[in-house]
Amino acid sequence: MLEVDESRIRMVKDQIESRHITSQSVLSVFRTVPRHEFVPAVQQVVAYQDRPLPIGEGQTISQPYIVALMTDLLDLHGDETVLEIGTGSGYQAAILSRLCKWVHSVEIYNSLADKAAETFQRLDYTNITVHKSDGSLGWQPASPYDGILVTAAAPRADEILLRQLKENGRMVIPVGSHSGQILQVWTRQQGIFTKEDIITVAFVPLVGDRGWKEEEWKRDTWF
């Protein structure tokens, strides 16, 4: 649909380029991946607006700029294998799949994993594998990864994830609680991990064995 194409082009210009995302490969992918296909039917009319949207199971699809920023921070060149923690609607994985060789995406909620896998199949995204598992533990069988992207707020940049990075690999992760979070980039170089804080963000909590317990998430005053 021409109207949808125009909405996507405006989204990139007004929400992503205007916030200093300059990578032409990233911008090109956001112009082509149909965000409206990754949200519930009742949300499709607002799919290209500058805000997160509910997708079920208490989860959200992040606003386009945050998806673009996290993608840009991975600095992908096309030959990487990437681990995504939290498949959600599948939109972030679809974006990554157009910029790297393979995406392993882990989702703890079976209903979201099944829906995302169906969407990938319908839209012919063939280099994404969805795993129904506890993403807070990563996905050891396919490790190590060139990049790891975590789409929910973690209590910390957990060692179990960092150790699944290749040498010179990068992990992009929001760290913090309901009271405040920082988007961080962790890099592995010569076995040493370094951290860079990027911006404050707001994500739903990472759940699972190494994620947040509900009572801890609500009472934590991380900031």
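The values are calculated or read from the model by the stated rules, or taken from the named source; none is laboratory data. Since the structure is predicted, the reported quantities are computational estimates derived from the model, not experimental observations. Each accessible area value is taken on the protein alone, full model and side chains, heavy atoms only, with ligands, DNA and RNA left out. Shrake-Rupley method; radii C 1.70, N 1.55, O 1.52, S 1.80 Å.
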Given H placed 1.01 Å from N in the peptide plane, which residues other than close sequence neighbours of GLN181 have an amide H under 5 Å from its amide H? VAL201
If I stretch the segment between ASP14 and ILE192 completely, what's the gain in nm (0.36 nm per residue apart, minus their alpha carbon distance), one decimal? 60.3 nm
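If a/c stays under 1.5 just call it rounded; otherwise compare a/b with b/c (prolate if a/b is bigger, oblate if not). Do that for region 70-134, with a ≥ b ≥ c from the square roots of the Cα gyration tensor eigenvalues.
Numbers: a/c = 2.07, a/b = 1.49, b/c = 1.39.
Since a/c reaches 1.5 and a/b is larger than b/c, the shape of region 70-134 is classed as prolate.
Using a 1.4 Å probe on the protein heavy atoms, what percent of the accessible area of the chain belongs to carbon and sulfur?
On the way: 5100 of 10510 Å².
The value for the chain is 49 percent carbon and sulfur by accessible area.
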Residues of type lysines that LYS195 reaches as a straight line, Cα spacing below 16 Å, ignoring anything fewer than 8 places off in the same chain: LYS166
Rounded to 5, the percent of DSSP beta bridges in the chain classed as antiparallel: 50
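Leaving out ligands and nucleic acids, note down the accessible area per residue over the chain with a 1.4 angstrom probe, in whole Å². Don't jump to the answer; show the numbers that get you there.
Values: 10510 Å² over 223 residues.
On a per-residue basis, the chain sits at 47 Å².
Considering only DSSP beta bridges where both residues belong to region 142-212, give the percentage that are antiparallel (nearest 5).
Values: 16 of 22 bridges.
Beta bridges within region 142-212, antiparallel portion: roughly 75 percent.
Taking a ≥ b ≥ c as the square roots of the eigenvalues of the Cα gyration tensor of region 74-216, is the shape rounded (a/c under 1.5), prolate (a/b larger than b/c) or oblate? Don't skip to the end; give the middle numbers.
On the way: a/c = 1.67, a/b = 1.14, b/c = 1.47.
In terms of gyration-tensor shape, oblate.
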If you take the square roots of the eigenvalues of the alpha-carbon gyration tensor of region 112-179 and sort them as a ≥ b ≥ c, do you get rounded (a/c under 1.5), prolate (a/b over b/c) or oblate? oblate
Through the Karplus equation 6.51 cos²θ - 1.76 cosθ + 1.60, θ set to phi - 60°, convert the phi angles of region 204-211 into ³J(HN,Hα) values in whole Hz; use x for Gly and Pro. 5, x, 6, 10, x, 4, 10, x
Which whole-Hz couplings ³J(HN,Hα) result when phi for each residue of region 133-146 is put into the Karplus expression 6.51 cos²θ - 1.76 cosθ + 1.60, θ = phi - 60°, listed in order with x for Gly and Pro? 6, 7, x, 5, 9, x, 9, 4, x, 9, 6, x, 10, 6
On full extension of the chain, what length is gained from GLU159 through ILE199, given 0.36 nm per residue of separation minus the C-alpha to C-alpha distance? 12.2 nm
